[in-house]
Amino acid sequence: MHHAVSSQDGNLFIESTPLSAIASQFGTPCYVYSKAALSNNFLAYQSALADKEHLICYAVKANSNIAVLQTLAELGAGFDIVSIGELERVLRAGGDPAKVVFSGVAKTASEMQRALELGIHCFNVESEAELELLNRTAASCGAIAAVSLRVNPDVDAQTHPYISTGLKENKFGVDINLAAQVYQHAAQMAHIKVIGVDCHIGSQLVDIAPFVAALERLLALVDELAGLGITLQHIDIGGGLGVRYENEEPPSPQSYMSAILPLLADRNEILVLEPGRSITANAGVMLTQVQYLKSNGEKNFAIVDAAMNDMIRPALYQAWMDIQPISAGNSGSAVAESAVYDVVGPVCETGDFLAKNRSLAICAGDYLCLMSAGAYGFVMSSNYNSRPRAPEVMVDGDQVHLVRRRETIEDLLSGESLLPAAVR
């Protein structure tokens, strides 16, 4: 997939904009996205599916900035949402609710109501209890809810346990062996219209085999349902295509689709996909500045101004993310000697690190770039330690747009109130 960053004489650029210019204009920490990389990553799916009727629903949870969503909506993307907040973002960004699928294990009646009112494409239902609530909610709205059942094909995606979702022990979906009876139940409900089947086996997959195995199991179910008189209009194979963070060799959308499409060759069902990370991860970076260099005899630390509240992936998933100085002769004042550093942040937790044991030639004051930070970066950030969240910037060629301003202390306190003065 397209990487946002290029290097010219040791200086890092996003499109035609030097990262040093962005760091000095917007400060650090700061997220920066490339409009071209986002667009190209989406278009790679679109062109791989040129000969097959399809709907590509970008997984909003990976990066939900409305300028990112707008960029994708303008290319014709649908959206995979997991909350009403995400649905409202899609609307604000100009997305079409008729191309929205609603996933997630814990949809509430009020979320269902809003989604029905807007006329979304489909609910990816994850349990029989949810089906019953959706039927009741649709009845009270005088609507019919289009559903696809998320089945759990029990395929091991062989990825990190926190992001593997297709095994029997995971909380997602309905066991594929019990799915036919749930479909029959659904087909009898007055306010439910069964239109598809859905599965999602995990995230950051770098091998095509699990996708193929899952699709084969889905197709066997689709044929079983047809025998029971239940015909489906679409097959949703979820997302999960991995990206390169270190030395992974994930398949391209092109090679992924050329493994999948032959299985669908003589079938009429529309193919639905829910890519997230593979569209945004390598389209974004996070910039941070070295505040102090410190050695405790055993280890060297580069203490930077970004922390686990800004980027939690390394702390949460032990994720490896590449980190590089943004310019060769970075600060100019001192000569940087190369050493092996742990890159750590200001948050008071031992788990607060961005990278461990990296060879870097850096001085205090230098800027660093955390690569492949466009997915599960800003969206998972928090205000822990009362730290305002970072700004987000979109680069479009030589145009630089601030698409979310840095939070202020005022923003942090805006929802809170002191207790009333004691009655004297």
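Please name all residue pairs, on different chains or six or more residues apart, with Cβ atoms under 8 Å, provided the first residue is in the stretch 56-85 and is under 18 Å from C122 (Cβ atoms) and the second residue is surrounded by fewer than 21 Cβ atoms within 10 Å (Cβ to Cβ) and among the hydroxyl-bearing types (S, T, Y).
Listed pairs, sorted by first residue: I84/S110.
From the list D305, D310, D322, exactly one residue is under 26 Å from A62 (Cβ atoms) and either among the aromatic types (F, W, Y) or out of contact with any Gly (no Cβ under 9 Å at 6 or more places or on another chain) (or both). Which is it?
Result: D322 is the single residue among D305, D310, D322 that is under 26 Å from A62 (Cβ atoms) and either among the aromatic types (F, W, Y) or out of contact with any Gly (no Cβ under 9 Å at 6 or more places or on another chain) (or both).
Filter the stretch 187-217 for residues that are surrounded by 22 or more Cβ atoms within 10 Å (Cβ to Cβ) and among the acidic types (D, E) and give the result.
Of everything in the stretch 187-217, just one residue is surrounded by 22 or more Cβ atoms within 10 Å (Cβ to Cβ) and among the acidic types (D, E), namely D198.
Suppose we keep only residues that are at pLDDT below 95, over 31 Å from the mean Cα position of the chain (by Cα) and within 26 Å of N385 (Cα to Cα) within the stretch 296-338. Which one would you say is surrounded by the fewest Cβ atoms within 10 Å (Cβ to Cβ)?
Taking the candidates together, the pick is N296.
Going by the structure shown, is S34 surrounded by fewer than 21 Cβ atoms within 10 Å (Cβ to Cβ) and of a type outside the set (D, E, K, R)?
Against the criterion (surrounded by fewer than 21 Cβ atoms within 10 Å (Cβ to Cβ) and of a type outside the set (D, E, K, R)), S34 does not qualify.
Pairs under 7 Å by beta carbon, first residue touching a residue at least 40 places away in the same chain (Cβ under 8 Å) in the stretch 182-201, partner surrounded by 17 or more Cβ atoms within 10 Å (Cβ to Cβ) and of a type in the set (S, T, Y), six or more apart or different chains?
Every condition considered, the pairs that remain are V194/Y183; I195/S148; G196/S148; V197/S148; D198/S148; H200/T165; I201/T165.
Which count do you get for residues in the stretch 68-81 that are buried (at least 19 other Cβ atoms within 10 Å of the Cβ) and either within 23 Å of I270 (Cβ to Cβ) or of a type in the set (G, A, S) (or both)?
The total comes to 8.
For A306, which of the numbered conditions (1) part of a loop (DSSP other than H, G, I, E, B); (2) over 24 Å from L38 (Cβ atoms); (3) small (G, A, S) fails to hold?
Only one criterion is unmet by A306, namely (2).
Scan the stretch 164-186 for residues that are modelled with pLDDT under 90 and surrounded by 14 or more Cβ atoms within 10 Å (Cβ to Cβ) and jot them down.
Answer for the stretch 164-186, where residues must be modelled with pLDDT under 90 and surrounded by 14 or more Cβ atoms within 10 Å (Cβ to Cβ): S164, T165, G166, L167, N170, F172, G173.
Count, please, the residues in the stretch 233-267 that happen to be in contact (Cβ under 8 Å) with a residue 60 or more places away in the chain and farther than 30 Å from A373 by Cβ.
Selection size over the stretch 233-267: 3.
Check off (1) farther than 27 Å from A265 by Cα; (2) out of contact with any helix residue (DSSP H, G or I) (no Cβ under 6 Å at 6 or more places or on another chain); (3) in a loop (DSSP other than H, G, I, E, B) for G95 and give me the number that stays unchecked.
All conditions pass for G95, except number (2).
Condition first: touching a His at 6+ places or on another chain (Cβ under 8 Å) and exposed (fewer than 14 other Cβ atoms within 10 Å of the Cβ). Now tell me which residues in the stretch 379-424 satisfy that.
Correct list: empty.
Mind listing whichever residues of the stretch 8-60 are of a type in the set (G, A, S) and closer than 26 Å to Q254 by Cβ?
Once the filter is applied, which keeps residues that are of a type in the set (G, A, S) and closer than 26 Å to Q254 by Cβ, the stretch 8-60 yields S34, A36, A37, S39, A44, S47, A48, A50, A59.
So how many residues does the stretch 264-286 have that are of a type in the set (G, A, S) and farther than 19 Å from L55 by Cβ?
So the answer is 3.
Is there a residue being farther than 21 Å from A214 by Cα, at pLDDT 95 or above and not in a helix (DSSP H, G or I) anywhere in the stretch 125-143?
Yes, some residue in the stretch 125-143 is farther than 21 Å from A214 by Cα, at pLDDT 95 or above and not in a helix (DSSP H, G or I).
Condition (residue is hydroxyl-bearing (S, T, Y), closer than 16 Å to P314 by Cβ and not assigned by TED's automatic domain parsing to the domain that holds L72) applied to the stretch 399-408: is it met by at least one residue?
no
The values are calculated or read from the model by the stated rules, or taken from the named source; none is laboratory data. What you see is a predicted model, and the numbers here were worked out from it, not measured in a lab. Every residue, glycine among them, receives a Cβ derived from its backbone with ideal geometry; neighbour counts consider all protein chains shown.
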